[in-house]
Amino acid sequence: MRTKNLLAACVILLILSFCPVAVADIVGGWDVAGQMKTKVAIKGYGSDSAKEYVEDFFEFEGSLEGGGTFSSLDYDQGTWEYVKKKVFVHLDANELASFFEDELEGLFGGEGYDVDVYGLIITKNVFYAKERKNGTIKGKSTLVFNCRMYFNDEEIDLGVKVTVTYGFTGTPRLGVTPLGAQRPLSGSGDSANTLPEAIKAQVLNRVSELIPQR
């Protein structure tokens, strides 16, 4: 009897050893929050850095096997794939450049500036996340871009470089899409800015030090 029990236990262990380890699914909506560090350098005028707490909402649609589409509250043009236990988000550089050109022009225009933002080039764009054992995700996004900003009334042309690093953690939100998400997301009340909004605000703060707001 003892021998049979031992043999049965060995067989069970052998079977389990060939079973794939279950991986928690990244698919769905995530409330994310963390610290963003932004460095804005203006050619001939030095640079300035700032840190702030930023919240957003990320949604991954698709499957672990085939990847899928990625969206946030303000940006819905991404894709993602699952590689070696990490989720890598891919944001098309040309689409992202056009997005920030339009967004920066709109932001500065709303503050009374007549400005043309042009020649924006994404030089670094790394975005990944990893799911943790407690069911949350932890990740990092690094974005670097250069652009020119021409202020028509002042006839000033600035060369701007923006470097952003964002380390975040996220908790799952079931059955909610970006259109249904509310701000602030985590309930901390520390920030109502999404990631793109926070980036634009830091550029505005730095540039307005050189060219006073109207």
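So here's what we get for this one:
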| item | result |
| --- | --- |
| Residue count for the stretch 131-162, restricted to those that are at pLDDT 95 or above and of a type in the set (Lys, Arg) | 4 |
| Qualifying residue in the stretch 90-105 (condition: of a type outside the set (D, E, K, R) and touching a Pro at 6+ places or on another chain (Cβ under 8 Å)) | yes |
| Where a residue in the stretch 108-131 is under 18 Å from ARG206 (Cβ atoms) and its partner, wherever it lies, is part of a loop (DSSP other than H, G, I, E, B) and of a type in the set (Lys, Arg), with Cβ under 6 Å and at least six apart | GLY112/ARG214 |
| Those residues of the stretch 74-129 which are surrounded by fewer than 20 Cβ atoms within 10 Å (Cβ to Cβ), β-branched (Val, Ile, Thr) and in contact with a helix residue (DSSP H, G or I) (Cβ under 8 Å, 6 or more places away or on another chain), in sequence order | ILE121, ILE122 |
| Scope the stretch 140-174; condition under 19 Å from GLU55 (Cβ atoms) and in contact (Cβ under 8 Å) with a residue 60 or more places away in the chain; matching residues | VAL164, THR165, TYR166, GLY167, PHE168, THR169, GLY170, THR171, PRO172, ARG173, LEU174 |
| Any hit, the stretch 43-56, residues being under 26 Å from GLY135 (Cα atoms) and assigned to a loop (DSSP other than H, G, I, E, B) | no |
| Every residue from the stretch 126-160 that is in a strand (DSSP E or B), closer than 17 Å to LYS86 by Cβ and not β-branched (Val, Ile, Thr) | PHE127, TYR128, ALA129, LYS130, GLU131, LYS138, GLY139, LYS140, SER141 |
| Test result for THR69, under 30 Å from LEU210 (Cα atoms) and either at pLDDT 95 or above or not small (Gly, Ala, Ser) (or both) | no |
| Sole residue being more than 23 Å from GLU55 (Cβ to Cβ) and not hydroxyl-bearing (Ser, Thr, Tyr), chosen from GLU105, GLU131 | GLU105 |
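The values are calculated or read from the model by the stated rules, or taken from the named source; none is laboratory data. Given the structure is predicted, the values throughout are model-derived calculations rather than measurements. Using ideal geometry, Cβ is built from the backbone for each residue, glycine included, and neighbour counts are taken over all protein chains shown.
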